[in-house]
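Asks: Following this message is one structure expressed as structure tokens.
None of the figures in this text is laboratory data; all of them are computed from the coordinates on show. This is a predicted model, so every value here is computed, not measured. Here the Cβ positions follow ideal geometry from the backbone for every residue, glycine too, while neighbour counts run over all protein chains shown.
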Amino acid sequence: MGIKTLSELNPRNSKVILRCDLNVPIKDGVIGDPGRIIASLSTIKKLLEANCSIVIIAHLGRPKGEKKRDLSLAPVAEKLTELLKREVKFSAEITGVVKQAQDLKPGEILMLENIRFESHETSKDESERIKLATELATYGDLYIGDGFGAVHRKHASVYELANLLPHAAGDLISAEVKVLEELTKNPSRPYGVVLGGAKVSDKIGVISNLLDKANVIAIGGGMVFTFLAAQGKEIGKSLVEKDLIETVKQLLIRAEKLGVKFLLPTDIVVAKEFSSDSEGTIVASDKIPSDQMGLDIGPESAESFASEIKLCKTVFWNGPMGVFEFSNFAQGTKVIAQALTQVEGIAVVGGGDSAAAVRKLGFEDKDFGYISTGGGAALEYLEGKELPGLVALK
Ligand code: ADP
Ligand code: MG
């Protein structure tokens, strides 16, 4: 990819602006899975050792340019303080803090509030993004991009800001790119891709682009039902994207022509309500009752996906197989996670919810070849797209 690494730039005694991905699940001010904060530590520690001061820029959720209290990064600054055993100052202001930033002494850290509270961060208007980036650029002398989960976004702090200062990729981005390069350049075969999660529209592009690269593609999660609908099956009240049914039909025809093993579930766990105390019933995937919805893949499907996965030498998995947040519908995801841990080769889990799911289900990071912090970003990389946040770090 030709991105500049941290060691190539070798910052010393510098005022660094660091873009991280600290977009962790937070409920009532309490952080759920801190995976992305932990993944950001390596670069931060290296910069501190190199006697740098750091201004951290990050985002949380999608506040759409408005201040939203429940999307404040303040709890993240606290967590980072705890993990680093060093004070992380927090600025509720994003613009107008040039003095505070420039006054930082070596070893001091200042985290800015959720950058997406500024509408210019995500603006479609380039001049607005440049305006914000130009202000942010006064906060330091160097830019380090390490927020892998956001590199597929052409946002001011991801793209324009990098262009305004000497820059490099942090350790996390370098590690992510190394793994994803391995998956795209010359994967050991068979190469399996498992996709789940809620929306087909998020992943239809990647499925299409992987049809001629992967040997096995298994589909679970909420998007299964658009596939089943495309096969003319009754899907009851399950999640469906009707406008994509035709696209999915074409995709299934192409898959057959290319000879890729395309696995869809043969049984489904259904329930009447989308609720944590719903009890599931297992039905054949062509016998979903009209008043019920599919919330997980069934045990027969999970076992058949698992046995195919275990034969693969390269596996990429994004998107839970079911509504893992409810324990009655987590079993499919658990069986697939277990299969990935048994792959003799490289097995990569990508995506915020997917990573949170495997940790919630009791797996450890070391059980997998790699857990990517990026969902959308990892998928777009695998699709072969140019990612603005990586292009900017060349
Ligand atoms: P990631 O963050 O790993 O990229 P996604 O955001 O695409 O994953 O999808 C995760 C979400 O998909 C989870 O919240 C999960 O509850 C939901 N999901 C999985 N299966 C279903 C289903 N059958 N019906 C509704 N939602 C589902
Ligand atoms: Mg998600």
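Asks: Could you go through region 65-81 in sequence order and give the Karplus-derived ³J(HN,Hα) for each residue, using 6.51 cos²θ - 1.76 cosθ + 1.60 with θ = phi - 60°, rounded to whole Hz, and x for Gly and Pro?
Replies: x, 10, 6, 10, 4, 6, 10, 6, 7, 3, x, 6, 4, 5, 4, 5, 4
Asks: How much length would be gained if the chain were fully extended between Glu49 and Asp243, taking 0.36 nm per residue of separation minus their Cα-Cα distance, in nm to one decimal? If you can, show how the numbers build up before the last one.
Replies: Numbers: separation 194, 0.36 × 194 = 69.84 nm, distance 5.30 nm.
Here the answer is 64.5 nm.
Asks: Packing-wise, with mean Cβ within 10 Å as the measure, how do 94-106, 10-22, 197-209 rank, highest first?
Replies: Working: 94-106: 14.3, 10-22: 21.3, 197-209: 18.5.
Order by mean packing, descending: 10-22, 197-209, 94-106.
Asks: Same structure again: What are the ³J(HN,Hα) values, in whole Hz, obtained from phi via the Karplus relation 6.51 cos²θ - 1.76 cosθ + 1.60 with θ = phi - 60°, for each residue of region 162-178 in sequence order, with x given for Gly and Pro?
Replies: Each residue of region 162-178 in turn: 4, 5, 8, 9, x, 9, 7, 8, x, 4, 5, 4, 4, 5, 4, 5, 4 Hz.
Asks: Need one number: % antiparallel among DSSP beta bridges in region 6-174, to the nearest 5. It would help to have the intermediate numbers written out before the result.
Replies: On the way: 2 of 21 bridges.
Taking every DSSP beta bridge with both residues in region 6-174, the antiparallel ones total about 10 percent.
Asks: Quick one: what are the phi-derived ³J(HN,Hα) couplings along region 292-305, Karplus 6.51/-1.76/1.60 with θ = phi - 60°, whole Hz, x for glycine and proline?
Replies: Whole-Hz 3J(HN,Hα) from phi for region 292-305: 10, 10, x, 10, 7, 6, x, x, 5, 5, 4, 5, 6, 4.
Asks: Under 8 Å for C-alpha pairs, at least 6 residues apart: give me the relative contact order for the chain, rounded to a whole percent. Mind showing how you got there, number by number?
Replies: On the way: 869 pairs, mean separation 64.2, N = 394.
Relative contact order comes out at 16 percent.
Asks: Working out 0.36 nm times the residue gap between Asp70 and Lys27, then minus their Cα-Cα distance, what length gain in nm do you get to one decimal?
Replies: Working: separation 43, 0.36 × 43 = 15.48 nm, distance 0.82 nm.
Going from the current span to full extension adds 14.7 nm.
Asks: Could you give the length gained on full extension between Thr184 and Lys124, defined as 0.36 nm per residue of separation minus the Cα-Cα distance, in nm? Mind showing how you got there, number by number?
Replies: Working: separation 60, 0.36 × 60 = 21.60 nm, distance 3.00 nm.
Gain on stretching Thr184 to Lys124: 18.6 nm.
Asks: Here is a further query. Placing +1 on the Cβ of each Lys and Arg and -1 on the Cβ of each Asp and Glu in the chain, which of Ala92, Val391, Leu252 has its Cα farthest towards the positive end of the resulting dipole?
Replies: Positive-most Cα among the choices belongs to Val391.
Asks: FRET efficiency for Glu325 and Glu8, Cβ-Cβ distance as r, R0 = 56 Å, nearest 0.05?
Replies: Numbers: r = 42 Å, r/R0 = 0.74.
Computed FRET efficiency for Glu325 and Glu8 comes out at 0.85.
Asks: On alpha-carbon atoms, Rg over Rh for the chain using Kirkwood Rh? Before the final figure, lay out each step's value.
Replies: Values: Rg = 21.9 Å, Rh = 21.9 Å.
Reported Rg/Rh, Kirkwood definition of Rh: 1.00.
Asks: Using the per-residue mean of other Cβ atoms lying within 10 Å as a proxy for protection, in what order, highest first, do the peptides 356-366, 262-272 fall? Before the final figure, lay out the partial values.
Replies: Details: 356-366: 16.7, 262-272: 21.7.
Going from most to least packed, we get 262-272, 356-366.
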